[in-house]
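Below: one structure, written as structure tokens.
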Amino acid sequence: MMENNVTTQQKTQGMTLVVKKICQFIAPTIFLFGIYVTIHGHLSPGGGFTGGVIMASAFIFQILSDGSILDKLRAEKWRLELTESLAIFTFLILAVLGLIIATTSVFFANFIPVGKLGDLISGGMIPIGNVIIGIEVCAAITSIFVALLIFKDEESL
Amino acid sequence: MEIYLIIMLVLMILGSIYSLHAKDLLSAVVSYGIVGFALVISFLMLYAPDLAIVQVVVEIITLIIMIAVITNATHEEQKREYNFSNIFYLGTILLFVVVFFIVLARMMGDLGYFGQDLMRMANVYIDSAHEAGSANIVTGILFHFRAYDTLGEATVLFTAVIGVLTILRHYGKKKEVK
Amino acid sequence: MILFVLCFILFMIGLYGVITQRNLIKIIIGLAIMEYSVILFLVLIGYIDGQTVPIISEGFEGGFVDPLPQAMVLTAIVIGLATKALMLSVAIRLYKKYGTFDIRKMKDLKG
């Protein structure tokens, strides 16, 4: 038992101290940039999908630099699944609200008033849709990566 | 403008030919990265910045996942047998060349020249972009005119994640080892 | 015109990789190359000479490049990532069971 514990700790140390300290500065900056691209999706190139993959790459960078501590990743996995399920459920609720509330009742109708073209708060439902899809794509890609790493760690034990 | 795109496409063709014939699996994955990044530069030259951002990040994530998969098996020997399969390769290549020329002859008449103004449906979308309210026309198409396709895409991503989590599940195997 | 021919050649190279290669990872790479060639072809069709990025800004009177293929391809790239991840997870499972990536050695029909 003790020997097993020692080999696990030796294999999953991650990278050197320099990389870990730099990652503490850079990974939140990448995440903030992903949030910026997602929110300004209706004004400049970007939107839900691009912001989502940039946010996922910040998480992947953090996991790669710290090594895959198996117990920590296993304990945190339920948060990713819950986030993704809630995000796609909210997107469905938004679509059905368009059916119920809007004057022309089609599925996905834009029921929030459209402001002036070029403002930050404009475009009706489009910024809300961007944020929800961004959260969903980020959680999906990160959970794929975490599942792969947990499998590779358990297989080499 | 067209000459630069031709250079990028020739680079992609050379990279993909090398990637399929490399002896080492790690070299194959790195050459596959060449194909992906040349595609990014092609997207930038064709005035599509949304696609370039997505393609860069997705290519890097794909390379990371592939290298994590092949870390134990990079030095596979490719033994060539010289009895039956060599004739099979030659026959396959000949068949491909014939099919290629037939489809090419059909294709030349229907497609116009590169850069032709073929928009018919997108004119309606561009003219009514004020109704959607977004300055980025691609986002307006994806979330206002064609929001149902975005819902379908989210469903496909969700299903793929469920599939990966089911295939790579590990508990339940420990009882078999005993 | 020669650009469309080169795209088609790239597609045929990917198809050749899927049919004749014996290593499982190279079959997956062939599928990915086929998908890239189709994506590039879609965006090439939508390009118009002399127009620019489809974003409305103040005081701009020119024309735009076709935005509809770009919207389709944006969805297709993310779906392609999910498909590749699923294929690679099946490849890991097969490597764990048989010890090799060679498809000629995977002969057991029982699960």
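Please go through the stretch B:133-160 and pick out each residue that is surrounded by 22 or more Cβ atoms within 10 Å (Cβ to Cβ) and over 15 Å from C:Ala71 (Cα atoms).
If the condition is that a residue be surrounded by 22 or more Cβ atoms within 10 Å (Cβ to Cβ) and over 15 Å from C:Ala71 (Cα atoms), then B:Gly133, B:Leu157 are the ones that fit.
Anything in the stretch B:3-24 that is over 14 Å from C:Ser37 (Cα atoms) and either modelled with pLDDT of 95 or more or more than 7 Å from chain C (Cβ to nearest Cβ) (or both)? List them, or say none.
Let us first name the residues in the stretch B:3-24 that are over 14 Å from C:Ser37 (Cα atoms), namely B:3-4, B:7, B:18-24.
If the condition is that a residue be over 14 Å from C:Ser37 (Cα atoms) and either modelled with pLDDT of 95 or more or more than 7 Å from chain C (Cβ to nearest Cβ) (or both), then B:Ile3, B:Tyr4, B:Ile7, B:Tyr18, B:His21, B:Ala22, B:Lys23, B:Asp24 are the ones that fit.
Under 7 Å between Cβ atoms, at least 6 apart or on separate chains: pull out the pairs that start in the stretch B:137-164 with a residue that is without any contact (Cβ under 8 Å) to a residue 12 or more places away in the chain and more than 9 Å from chain C (Cβ to nearest Cβ) and end on any residue that is aromatic (Phe, Trp, Tyr) and assigned to a helix (DSSP H, G or I).
Qualifying pairs under 7 Å: B:Leu151/A:Phe91; B:Ala154/A:Phe91.
Among the residues in the stretch B:97-120, are any in contact with a Leu (Cβ under 9 Å, 6 or more places away or on another chain) and assigned to a helix (DSSP H, G or I)?
no
Quick one: in the stretch C:16-33, of everything that is among the aliphatic types (A, V, I, L, M) and surrounded by fewer than 19 Cβ atoms within 10 Å (Cβ to Cβ), which residue is nearest to the chain's Cα centre (by Cα)?
Only one residue fits best here, namely C:Leu31.
Determine which member of the set B:Ala38, B:Ala73 is out of contact with any Cys (no Cβ under 9 Å at 6 or more places or on another chain) and modelled with pLDDT of 90 or more.
It is B:Ala38.
Take the stretch A:38-76 and flag every residue that is under 24 Å from A:Leu120 (Cα atoms) and either among the acidic types (Asp, Glu) or at pLDDT below 85 (or both). Before the answer, list the steps.
Here is the first cut: in the stretch A:38-76, the residues under 24 Å from A:Leu120 (Cα atoms) are A:38-55.
Matches in the stretch A:38-76: none.
List every residue pair whose Cβ atoms sit under 6 Å apart, with the two residues 6 or more apart in sequence or on different chains, where the first one lies in the stretch C:10-22 and is more than 7 Å from every other protein chain (Cβ to nearest Cβ) and the second, anywhere, is acidic (Asp, Glu) and surrounded by fewer than 19 Cβ atoms within 10 Å (Cβ to Cβ).
These pairs meet every condition: C:Arg22/C:Asp102.
So B:His130 clears everything in (1) modelled with pLDDT under 80; (2) away from chain A (no Cβ under 14 Å) except one condition, right? Which one?
B:His130 satisfies every listed condition except (2).
Do the conditions hold for B:Met108, that is, is it under 21 Å from C:Asp49 (Cα atoms) and at the interface with another protein chain (Cβ under 7 Å from one of its Cβ atoms)?
Taking the combined requirement at face value, the residue does not satisfy it.
In the set A:Leu17, A:Leu94, A:Leu99, which member is under 28 Å from C:Thr75 (Cβ atoms) and at pLDDT 85 or above?
Just a single option satisfies the conditions, and that option is A:Leu94.
Could you grab me the full set of residues in the stretch B:37-52 that are surrounded by fewer than 22 Cβ atoms within 10 Å (Cβ to Cβ), in a helix (DSSP H, G or I) and either in contact with a strand residue (DSSP E or B) (Cβ under 7 Å, 6 or more places away or on another chain) or facing another protein chain (nearest Cβ under 7 Å) (or both)?
Passing the criteria: only B:Pro49.
The values are calculated or read from the model by the stated rules, or taken from the named source; none is laboratory data. These numbers come from a predicted model, not from an experiment. Note that we place each Cβ from the backbone using ideal geometry, even for glycine, and neighbour counts take in every protein chain shown.
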